[in-house]
Amino acid sequence: MPRILVIDDDEAVRQSTERMLRAAGFTVHAAASGEDGLTLARAGGFDVILSDMRMPGLSGLDVLRSLRDLQIDSAFIIMTGFGTVETAVESMKLGAVDFVQKPFFREELLARIRAAAERRQLARQVELLQRHVVRPMAGVETLVGESEPMMRVKELIRRAAAVPGTVLITGETGTGKELAARAIHEASPRASRAFVALNCAALTESLLETELFGHARGAFTGAATARPGLVEHATGGTLFLDEIGTMSKPLQAKLLRAIESGEVRRIGENESRRVDVRFVAATNINLEKSTAEGDFRSDLYYRLNLHRVHMPPLRDHPEDIRLLIEHFLGRYGAEVGVRGCRDAAWAILLPYRYPGNVRELEHLVQRAVAVARGPQLEVEDLPESLVAQPVPPAPVEGTVAAARQRAEREMIASTLAKHHGEISAAARDLNISRTTMWRLMKRHGLSE
């Protein structure tokens, strides 16, 4: 059901428009000022926003500018009793889809709103499908890291990819859960078919149901044509459901049936359709706890948890930070000639704990490259909030951390001595890469 927001300071016009749209079957919210309308629009997920142009405070054009700055993609229709060619052109340049003069005829306004809602739904579908196109080189090799936790992740992905069945990927925000899902798809026999991704938290319950299962023509107001859901689009391939823990229990039940039966039923249809889809789900919440508390269906949890891959937070494999930074420098710095970091910048980047995980690190490197003034990142190119972070002190003698650090240093030194300082041979003996060996040597003050 399309959701409409009406913004008008004229109470009579606002209430009559609201009643008319509700009678036509739309879900309607109303605001008496531009400020209130902007607040609702930012929180709401509306398909169409119908706004008066002249209002005290924020005008309709002011609201439209703010929404475009916030990248809110609702279809925007301006209505006014003072229409001119100039104002119409200005509103269209700002991204409005239509311009209506007061007083308007009921059928004319309804037709324009229905057309705008349908165009918005089609645009959203195109956007989703474009995002669902499989990116090249999305296999296990794109997961950057040589640490023990990341090697374990890669092995779990290879095992899950080789056999059929659902997969549950867990981990904090920013750890690379979608990248892991794509790697599973790319390493599986389904690699030549579609990889479809959907963030369950980004859509309202009704819209999520429509996106997943599709609808018949006339199933609800605005459903002018039949449309298959994303489950059908993913037939033969993989459907990735991110933030599965936010899905409502009624939708959980429908998803469970689709997984178990291999069938989906579009909204408004009686007949089921066969699908062949591998379901991969991800969550950043504790689904076991949610299941115990009754917020998540236990039967769906056990069905999804056939294969499980946990993406570790970056603080659990800090030895991969340098590799990740070098990887992102190669991605974002190559075109602008930024190829590395000064030692002072490394001294700040490596000890930082990155609470936002790999995503935070990627954005940090991307930002630093954008402002860099030379071929290597300087301290001045890093965010002030990062530069101000205190460097963690060395482990206190007598603690487990200090003993572990001392033992690690002694092992590296003795292995190097055993191989007469040959780094490659010592790395093979310790079952680590040469890059990791060199990094550990630098950490412990051991020269080549």
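Numbers for the structure displayed
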{"read-out": "Simple spin-label estimate for Ala226 and Lys249 in nanometres, 7 Å along Cα-Cβ", "value": "3.4"}
{"read-out": "Taking only Cα atoms of the chain, radius of gyration then Dmax in Å", "value": "27.3, 90"}
{"read-out": "Volume in Å³ per residue [convex hull over Cα atoms, computed for segment 400-443]", "value": "61"}
{"read-out": "Pair Gln366, Arg331: separation of 7 Å Cα→Cβ label points (nm)", "value": "0.8"}
{"read-out": "Euclidean distance between Cα centres, segment 30-69 to segment 206-225, Å", "value": "27"}
{"read-out": "Set of lysines with alpha-carbon distance to Lys442 below 23 Å, sequence-local pairs under 8 removed", "value": "Lys418"}
{"read-out": "Translational diffusion coefficient (Stokes-Einstein; Kirkwood radius from C-alpha pairs) of segment 140-310 at 10 °C, 1.306 mPa s, in µm²/s", "value": "96"}
{"read-out": "Contour minus Cα-Cα distance for Glu205 and Arg119 (0.36 nm per residue)", "value": "28.9 nm"}
{"read-out": "Sorted by Cβ density within 10 Å, fewest first, the residues Lys249, Lys177, Lys93", "value": "Lys93, Lys249, Lys177"}
{"read-out": "Additional length obtainable on full extension of the chain from Ile423 to Ala292, 0.36 nm per residue less Cα span", "value": "42.1 nm"}
{"read-out": "Taking only Cα atoms of segment 315-387, radius of gyration then Dmax in Å", "value": "11.0, 33"}
{"read-out": "Highest-MSF residue in the chain out of Ile77, Ile432, Ile184 [GNM, Cα springs under 10 Å]", "value": "Ile432"}
{"read-out": "Segment 303-341: GluC sites (Glu not before Pro) falling in loop per DSSP and having at most 10 other Cβ within 10 Å", "value": "Glu335"}
{"read-out": "Computed over segment 177-242, the ratio Rg/Rh where both radii use C-alpha atoms and Rh is Kirkwood", "value": "1.06"}
{"read-out": "Debye intensity ratio I(q)/I(0), log10, segment 245-300, q values 0.26 Å⁻¹ (C-alpha model)", "value": "-1.09"}
{"read-out": "Longest site-free stretch - the chain; sites: chymotrypsin sites (Phe, Trp or Tyr not before Pro), DSSP loop, at most 10 other Cβ within 10 Å", "value": "106-448"}
{"read-out": "Per-peptide average of other Cβ atoms within 10 Å, ordering 112-121, 415-424 highest first", "value": "112-121, 415-424"}
{"read-out": "Descending semi-axes in whole angstrom, ellipsoid equivalent of segment 3-129, from the Cα gyration tensor", "value": "19, 17, 15"}
{"read-out": "Cα convex hull of segment 1-41, projected area averaged across orientations, nm²", "value": "2.5"}
{"read-out": "Helix 434-443 axis, angle to the chain major axis (alpha carbon atoms, nearest 10°)", "value": "80"}
{"read-out": "Farthest positive-ward along the chain dipole, Cα basis, beta-carbon charges - from Leu203, Leu386, Tyr302", "value": "Tyr302"}
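No lab work stands behind these numbers, since they all come straight from the coordinates. Computed from a predicted model, the values in this text were never measured in an experiment. Ideal geometry is used to build each Cβ from the backbone, glycine not excepted, and the neighbour counts take in all protein chains shown.
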